[in-house]
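Contents: one structure, followed by commentary.
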Amino acid sequence: MHTLTLEQLRVTTNAGGIAGGSRTRPDRAEALKRTYGATEHDKWFHERVQQGVVEADDPNTQCVSHEEVKSSWAAKRAELAKRI
């Protein structure tokens, strides 16, 4: 096994020779905003899934069969169709 050590690090603050060392990259800024948004959505999604798992594991949770849901929505659709 080899060990790698860093004895000296030089940082140039003048970005590519541009006066003032400032360079803007609107494309990168937009990409970072999208990444942050995706990260926030991912966090929200995982929280919702975890909430669902906890609810599903709760013995007090009332489960509804697929047939009951289909029947209920069919009745709701029929009621709405009468209004049209």
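Below is a table of values for the structure above.
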| quantity | calculated |
| --- | --- |
| Helix-only CD estimate at 222 nm, as mean residue ellipticity for the chain, using -39500 (n - 2.57) per DSSP H run (n ≥ 4) | -21000 deg cm²/dmol |
| Segment R83-A31, length gained on full extension (0.36 nm per residue, minus Cα span) | 14.0 nm |
| Hydrodynamic radius (Kirkwood) for the chain, which is based on Cα pairs only, to one decimal in Å | 20.2 Å |
| Top of E47, E55, E67 by mean-square fluctuation, Gaussian network on the chain, Cα under 10 Å | E67 |
| Along the chain, longest interval not containing exposed trypsin sites (Lys or Arg not before Pro), exposed being DSSP loop plus at most 16 other Cβ atoms within 10 Å | 24-84 |
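Computed from the coordinates by the stated procedures, all read-outs in this text should not be read as laboratory data. Computed from a prediction, not measured in an experiment: that's the story for all the values here. Note that we place each Cβ from the backbone using ideal geometry, even for glycine, and neighbour counts take in every protein chain shown.
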